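Below is one structure, written out as structure tokens, with a few remarks after it.
The values are calculated or read from the model by the stated rules, or taken from the named source; none is laboratory data. Model, not experiment: these values are computed from the prediction. For neighbour counting, all protein chains shown are included, and Cβ atoms are generated from backbone atoms with ideal geometry for every residue, glycine included. Just the protein is used for accessible areas: all its heavy atoms, side chains included, with ligands, DNA and RNA removed. Shrake-Rupley method; radii C 1.70, N 1.55, O 1.52, S 1.80 Å.
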Amino acid sequence: GTPVIERINTIKTYEQDESAMGRREAWKAGLKMMAEHPLVGVGLDNFRYSAMLYNPEKVHNERVAHNAYIHVGAEAGIPALLIYILLITFSMRDLGRLRKKFRSNKDEWKYYYPAMVEGSLWGYVVCGIFLTLAWFELFYPMIALTVALKKVTQDNE
């Protein structure tokens, strides 16, 4: 099969996949960081250095979180993680409302722009489960676009 199909087939035997197991061990380290430093985390950009300290049996070198949510919680604390999740949740809610509100509007952009940003944000949310995307630059313009679309469509109703 193709390399993509071969990679997908490793789901069945993930325990033998070094990459998958490395992610699991990084997640365990991140969860321990959150447990020990729930309010402020271990500090921004310190996950890679702290992972070895919080899971020394399994993590032997610098390791990234491979999960945006664990990354935020571990580096910035649980309150920051809650704000991060609420930012995503409220943006999704607002984009969904705009999309529904303007579904049959003759100004098609009022429907399609929120739908495009919502689709992009969903892509970010899903990829964030397996990638270190917490400080990914394109996330913040998506949030800003959500606010701008909400404001522009309110003014132009």
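Got at least one residue in the stretch 107-118 being in a loop (DSSP other than H, G, I, E, B) and either open to solvent by less than 50 Å² (accessible area, probe 1.4 Å) or of a type in the set (Asp, Glu) (or both)? Looking for residues that are in a loop (DSSP other than H, G, I, E, B) and either open to solvent by less than 50 Å² (accessible area, probe 1.4 Å) or of a type in the set (Asp, Glu) (or both), one finds at least one in the stretch 107-118, hence yes. Taken together, the residues in the stretch 119-148 that are open to solvent by less than 30 Å² (accessible area, probe 1.4 Å), small (Gly, Ala, Ser) and over 23 Å from LYS28 (Cβ atoms) amount to 0. Exactly one residue out of ILE83, ILE88 is open to solvent by less than 90 Å² (accessible area, probe 1.4 Å), of a type in the set (Val, Ile, Thr) and in a helix (DSSP H, G or I): that is ILE88.
For the stretch 36-49, filtered to residues that are in a helix (DSSP H, G or I) and within 20 Å of ILE129 (Cβ to Cβ), the residue that is most open to solvent (accessible area, probe 1.4 Å) is ARG48. If you go through the stretch 55-101 and pick out every residue that is more than 23 Å from GLY22 (Cα to Cα), touching a residue at least 24 places away in the same chain (Cβ under 8 Å) and within 14 Å of the chain's Cα centre (by Cα), you end up with 6.
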